[in-house]
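Have a look at the structure below, then the notes.
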């Protein structure tokens, strides 16, 4: 769920920010301005962190746990442990209607950079034939736990092995929270971990598909481009594969972001507006989003913003090379990732086996924040498409 990402690319109306940009045209050097107060100091850029709001209905003790600093993985793991049972009891259709008997497994792999990467699998209940495997790439700030738990269980119940990782710096994996020093590094980590998972005996030799949501769509596309023969198809939900024109920063601002990202790469940007209203169409489901307590919802880090912007530029230039079978699903009223971008991908990729479905009125989180019937429609569309690719006469 790429909420912070969307605001990174929106024009920022803050008077302080506007003054800072205007002052860049004065004779002062950018480095001098970073150390000049006012309008916006280097110290301010580095330390403008949001205070987490209290979660309604939680005890002071749990709110205190949720509010702790989550920069590093051990803290995120402790918080997730404290909330995991509570999350599954939320009044959400993904949890209430989760199929029984699904076999789950959690473990950590050490990647080639020496980081502990959280991995998880969901398999059909014993006795159900596995038809294929689906490998999930989560979006910016998100994790493969919480809402995806319910999504994965529904897909697994239909006969698929579902596998996922938390990207470095997100969820339960090691790395500074919300920090993407290299988008290429995230893609390489996905390829590395999924290659290991493909060797698991329960799915060896079966069709395999990569699945990306939002920023995870960009990761999945780039992983596919790097090893196209490794996949039998790709599923994309509200993919971030091109920044809409109205969301793209002006060229001077892009240059400033790039420069600042070299000086203070881990620094956070100015505060962003709460974009949950743009992601969840149903109010009661939006209220559950804060229970995803290990998600990254703070300001986007400078290097992260630059890496994501560069990734979309690269993917936009390479979509004609995407030739695998493809399913693209998008909410028609999505204002976080533009559905027109999905149309662009559909029309410009070279795949001869492709399907695009736009859900009229749907917001960004069509698998999490829509009316129940829409969520089930999206799940059914994914499963039906997978079945069409794994059917054996």
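No lab work stands behind these numbers, since they all come straight from the coordinates. Note that the structure is a prediction, hence the values are computed from the model and not measured. In this analysis, Cβ positions are derived from the backbone assuming ideal geometry, glycine residues included, and neighbour counts consider all displayed protein chains.
Our summary gives the range 104-157 a relative contact order of 30 percent, counting only alpha carbon pairs under 8 angstrom and 6 or more residues apart. Relative to the current alpha-carbon distance between residue 348 and residue 52, full extension at 0.36 nm per residue lengthens the span by 102.4 nm. Extension gain for residue 88-residue 60 works out to 8.1 nm (0.36 nm per residue, less the C-alpha to C-alpha distance).
Each of the peptides 62-72, 179-189 was scored by the mean count of other Cβ atoms within 10 Å over its residues; in descending order, highest first, they stand as 179-189, 62-72.
Simple spin-label estimate for residue 192 and residue 251 gives 3.7 nm between the two label positions (7 Å along the Cα-to-Cβ direction from each Cα).
Based on alpha-carbon centroids, what's the gap between the range 54-110 and the range 111-151 in Å, whole number please? Spelled out, the Cα-based centre of one part sits 16 Å from the other.
The orientation-averaged projection of the convex hull spanning the C-alpha atoms of the range 151-286 amounts to 10.9 square nanometres. Under the simplified labelling scheme, the residue 356-residue 182 pair shows an inter-label distance of 3.4 nm, with each label point 7 Å from Cα along Cα→Cβ. With 0.36 nm allotted per residue and the present C-alpha distance subtracted, the residue 206-residue 81 stretch has 41.7 nm of extension available.
Fewest-first ordering of 386, 269 by other beta carbons within 10 Å of each residue's beta carbon gives 269, 386.
Once the C-beta distance of residue 287 and residue 229 is scaled by a Förster radius of 45 Å, the resulting FRET efficiency is 0.55 to the nearest 0.05. Summary of packing: across the peptides 120-131, 362-373, the per-residue average of other C-beta atoms within 10 Å ranks them, highest first, as 362-373, 120-131.
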